[in-house]
Amino acid sequence: MTENTEPVTVVVADDEPVTVVVADDQSAVREGLVLLLGTLPGIAVTGEAEDGEAAAEVVAAQRPQVVLMDLNMPGCDGVEATRRIRASHPQTQVVVLTTYSDDDSIISALQAGALGYLTKDATRAEIGRAVRAAAAGQAVLDPEVQQRLLSAAIRAPAPPSGDPDEGDLTPRESDVLRLIAAGKSNREIARALFVSEATVKTHINRIFAKTGSRDRTQAMRYAYTHGYADPPGRPSPPSERLR
């Protein structure tokens, strides 16, 4: 593990670089990513880690804005490392960069708190865009990952029987559910509706309770099956609820 000893400031001005830690167990890949990120304007690598345990330690020491995280690492893997980092350092966002794009890997990483998810087929520009977006609190998903996530939502088990009628959702909860189905993060929903993220979380908790959903994936499926949104690839007909 190699760490940059220069001091890191998490709250930065607009003209200061986004600070990044790279976590990958393969030395050649990790070093290549460090070099690649070093060529991108507005991004500064402040640390490296060869596994999830080391990633959590580097984040605690460096307080970067973003961690570029591999998933398949020995010992503490990327999902567990993401969970630890997001719990202990919520100001640090995680962008997954991995060879895996299966449903379980995607959903596990996002549930652990990752804000972005790219495969290692991503281009230099796509990686840079995802890092900058994450630093700004915006989610970026690889197009294939986005499609698989939405497909998984459609296939997810239906909420338990005895669900309340969809009319029990308030107009604002309906708006939030529609934006969840569109793959928006809490911050993006807050900006779209001109409310705080805390308010968005309150609405989401109520939506989960009213629809019997355990997570965003089931909420997305509820939105598709109850007319709040159309599955990807299906045209959206006019609807009073979606106006």
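Got a sec to turn the phi values of the range 41-57 into Karplus ³J(HN,Hα) couplings, 6.51 cos²θ - 1.76 cosθ + 1.60 with θ = phi - 60°, whole Hz, x for Gly and Pro?
Going residue by residue, I get x, x, 10, 10, 7, 10, x, 10, 8, 9, 7, x, 4, 5, 4, 4, 5 Hz, with x marking Gly and Pro.
Compute the FRET efficiency between residue 144 and residue 205 as 1/(1 + (r/R0)^6), taking r as their Cβ-Cβ distance and R0 = 30 Å, and round to the nearest 0.05.
0.50
Does anything in the range 49-79 have its amide N under 19 Å from the 7 Å Cα→Cβ label point of residue 120, and if so which residues?
Under 19 Å, as judged by backbone N against the label point of residue 120, lie 49-55, 67-79 of the range 49-79.
With a ≥ b ≥ c the root eigenvalues of the C-alpha gyration tensor of the range 111-152, is it rounded (a/c under 1.5), prolate (a/b larger than b/c) or oblate?
Taking the square roots of the gyration eigenvalues as a ≥ b ≥ c, the range 111-152 is oblate.
Once amide H atoms are placed 1.01 Å from N in the peptide plane, what residues at a sequence separation of 5 or more from residue 140, or on another chain, have their amide H within under 5 Å of its amide H?
Sorted by chain and number, the residues that satisfy this are 116, 117.
Order of 217-230, 22-35 by packing, highest average Cβ count within 10 Å first?
217-230, 22-35
In Å and from the alpha-carbon atoms only, list the Rg and Dmax of the range 18-60.
Over the range 18-60's Cα set, Rg and Dmax evaluate to 10.0, 29 Å.
Short version: ³J(HN,Hα) in whole Hz for each residue of the range 103-108, in order, from phi by Karplus 6.51 cos²θ - 1.76 cosθ + 1.60 (θ = phi - 60°), x for Gly and Pro, what are they?
For the range 103-108, the Karplus curve yields 4, 4, 5, 4, 5, 4 Hz.
Search the structure for amide H atoms under 5 Å from the amide H of residue 73, placed 1.01 Å from N in the peptide plane, and list their residues when 5 or more places away or on another chain.
HN-HN under 5 Å from residue 73: 78.
Can you list the lysines whose alpha carbon sits under 24 Å from that of residue 201, skipping same-chain ones fewer than 8 residues off?
184, 210
Taking amide H positions as placed in the peptide plane 1.01 Å from N, state which residues far from residue 45 in sequence (5 or more) or on other chains have amide H under 5 Å from it.
When sequence neighbours closer than 5 places are left aside, the close amide H contacts are 20.
Going out from 0 in 10 Å bins, what whole percent of all Cα-Cα distances in the range 25-111 drops into each bin?
18, 52, 29, 1
Compute the Rg/Rh shape ratio of the range 61-136: radius of gyration over Kirkwood radius, all on alpha-carbon atoms.
0.94
Just so you know, all these numbers are worked out from the coordinates, no wet-lab data involved. Quantities reported herein were computed from a predicted structural model and do not represent experimental measurements. Using ideal geometry, Cβ is built from the backbone for each residue, glycine included, and neighbour counts are taken over all protein chains shown.
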